[in-house]
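Below is one structure, written out as structure tokens; the observations come after it.
What follows draws every value from the coordinates through simple rules; no lab data is involved. Computed from a prediction, not measured in an experiment: that's the story for all the values here.
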Amino acid sequence: MRTPLSFAQDSGTFANSVAPLRDKPFYPLEPGPEYLPLLRYQVVLAGKNFFHIKETTTGRVRGFRRNHNDACALAKTLENNS
């Protein structure tokens, strides 16, 4: 019977297969504003199973829904009508 150590490989085997992180460039998690379309409405969690549809420019709440999918649908409708 083999011991678990007999399956282990030396550390030099995988040395060239993965580049270290210090050699890779880091990018921001969110793209810059020039790449994002300006959305007028944002769905914001306002409580347990309760969502506000907030206007991004003024911060005013334009509607609310109890279901996230319904809130997103309302935000899309408001976006298309504006």
Under Stokes-Einstein, with the Kirkwood radius over Cα pairs standing in for Rh, what whole-number D in µm²/s applies to segment 41-81 at 10 °C and 1.306 mPa s? 162
Expected unfolding gain across LYS48-LEU78 under the 0.36 nm per residue rule, minus the alpha-carbon gap, is 8.5 nm
